[in-house]
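FYI, it's all coordinate maths here, none of it is from the lab. Keep in mind it's a predicted model, so treat the numbers as computed, not measured. Counting neighbours? That spans all protein chains shown, and the Cβs are built from the backbone with ideal geometry, glycine included.
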Amino acid sequence: MQPVFTGTQIRGAEAPWLEAGHGPTLMRQAAWGLAHHIRQLLHRRGAVYGSRAIGLIGKGNNGGDALLALSFLADRGVSIAAVAINTTHDQFHPEALAAFQRAGGRIVSTIGPTVDVVLDGVFGTGFRGSFDLPCYLHDHNLAIPDTAAVVACDISSGLMADTGNIPGNVLRADVTVTFGASKLGLLIGDGGQHSGEVAVVDIGLGSELDGVQDPWWIADESDIRAGYGTPRWDVHKYSRGVLSVVAGSPQYPGAAVLVVNAVAATGVGYMSLVAQRPRDNKVADQVLAAHPQAVVEAEVAPKASAVVIGPGLGSTADDQERFSEALQAAQRQQLPVLVDASGLDLLDEENLAETYTAMVLTPHIGEMQRLVKRLAPELQEATPVEQASAFARRFGVWIVLKSADTYVVSPGTLRSVHPAKTSELATAGTGDTLAGILGAGIAALDPARKDFHHELFTVLAAGVRLHSLAGELAAADGGIVVSSLQDDIRAAKRYAMASS
């Protein structure tokens, strides 16, 4: 997995260098990398020599980075200019301004119609408050040509690097060239929709970043291969994972089918549907019609290695009994248990007080809010991510918080985010599919291993990525059909395996 840091964490990593007087070195490295990526952009769009670049410049170090980068571009035959934004040019970073002017840079008050690149260098990651750069440009008759590319210097001005929030309004960047490491705010929320392609410039903070506590993590295809790839040559059906699924009801039999579809596509050695005939005939018959290899059992399988509980259970007395019996079996057999959908509304403090090998909850934001209202009402004013983190710590559970951006938080300090890739997954039934993917991954783990919790973290984050990748492939093929999403899961696995 790849680490991602908040703007606050990056500034903390930079602090020892700045205190030691190495600020000019960091700025030069950042500006050189920024200029390199702008040259690449200009090359893709046509010629570098003879092109035109203009910087929107503020008075801080972010403006200094942009001015110095423009001076490097001038060495390659780019015509350079700068416009002062929310300041005057005599307040620009002095050394960077001197380099810019030595390179032939001009201070101007307009943006020409033939400019090729507009460089946003007004505010950096330390900005607090609210600023509306598009409105400022409009009010000062500064119009960016439709043909110009917008490049953000480190971060779009006015975007919050820690959260992705945009209190005012920002320019939508085609490319963001960020320094030190990727920043959380460039990837999530509104920030992820305004940052364009994100390129990272290494400015030499490696050892400091290695020491940052509690970074965020993002799973990639290598994690899918590790958690959901080809099994070892010597596995058998029980060692590959035995998953018991407690899902579906006479009212909602399709939920069980969707879970089992995903389990089968993801891969386990043995699938058990917990259903009692004749009460659950409809559920059992539909699952067996789709997957004859599934085994219908009256209780959690004795050899189960994990349990998924909840999708489509309903709220009858029989459903509550199935839920309670499955949780008791998971506790008695010391199995990891994943609780989703209807099961989340059946959880109570007594359930959460029991000891499990691991309990994973997979709420969407509305379900998270209902959990908090019932079981931790003092958290109601917090953001959904803050609610999930605090709830996980309090009750010792893992939470996969489903939203446009999906978050994985542990009872400790491990945390992962998967930035939104496609809105096509905002479809009924895709949550049941994710429960099946995650359940299959969990079932293949060995809780006796000393690094079980790190492996669980990786499997959860990688499962979210696999689910998203399946959605992306389905969207590219005309749109998601939840009943056939299992085919897209297989395609996503093939893609991940081929990308090694």
| message | Using a 7 Å offset from the Cα along the Cα-to-Cβ direction at both ARG45 and ARG394, what is the distance between the two label points in nm, to one decimal? | response | 5.0
| note | One would report the antiparallel percent of DSSP beta bridges in the chain, rounded to the nearest 5, as 15
| said: Let me check against my output: what whole-number percent is the relative contact order of the stretch 13-150, with C-alpha pairs under 8 Å and at least 6 apart? | reply: 26
| field | For the stretch 221-498: rounded, prolate or oblate by the Cα gyration tensor [a/c cutoff 1.5] | value | rounded
| message | Contact order normalised by length for the chain, with contacts defined as Cα pairs under 8 Å and 6 or more residues apart; what percent is it? | response | 13
| query | What ³J(HN,Hα) values, in whole Hz, does the Karplus curve 6.51 cos²θ - 1.76 cosθ + 1.60 give for the stretch 59-70 when θ = phi - 60°, with x put for Gly and Pro? | reply | 8, x, 5, 4, x, x, 4, 5, 4, 5, 4, 4
| note | Of all DSSP beta bridges with both partners in the stretch 221-498, the antiparallel percent, nearest 5, is 25
| field | Gain upon complete extension [ARG128, MET497; 0.36 nm per residue less C-alpha separation] | value | 128.6 nm
| query | Relative contact order for the stretch 249-315 using alpha-carbon pairs under 8 Å, separation at least 6, rounded to a whole percent? | reply | 46
| request: Compute the long axis of helix 317-332 from its Cα atoms, compare it with the longest principal axis of the Cα atoms of the chain, and write down the angle in degrees, 0 to 90, nearest 10. | output: 80
| note | Note to self: C-alpha centroids of the stretch 72-97 and the stretch 174-252 sit apart, in Å, by 38
| request: Would you mind checking the pairs LYS303/LYS421; LYS450/LYS493; LYS402/LYS450; LYS373/LYS493; LYS282/LYS450 and listing those with alpha carbons more than 32 angstrom apart? | output: LYS303/LYS421; LYS373/LYS493; LYS282/LYS450
| request: Run through all the Cα pairs of the chain and give the fraction in each 10 Å bin from 0, expressed as whole percent. | output: 4, 19, 25, 20, 15, 11, 6, 1, 0
| query | What list of ³J(HN,Hα) values in whole Hz, one per residue of the stretch 454-459 in order, does the Karplus curve 6.51 cos²θ - 1.76 cosθ + 1.60 (θ = phi - 60°) give from phi, with Gly and Pro shown as x? | reply | 5, 5, 4, 4, 5, 5
| query | Considering only DSSP beta bridges with both partners in the stretch 2-217, what is the antiparallel share in %, to the nearest 5? | reply | 5
| query | Okay, helix-only estimate at 222 nm for the chain: each DSSP H run of n ≥ 4 adds -39500 (n - 2.57), divide by all residues, round to 500 deg cm²/dmol; what do you get? | reply | -13000 deg cm²/dmol
| query | Taking the Cα-to-Cβ direction at ALA353 and at ASN165 and moving 7 Å from each Cα, how far apart do the two end points lie in nm? | reply | 3.6
| request: Just subtract the alpha-carbon distance of ALA298 and ARG277 from 0.36 nm times their residue separation and send over the number in nm, one decimal. | output: 6.8 nm
| note | In Å, the C-alpha Rg and Dmax of the stretch 2-217 are 16.0, 47
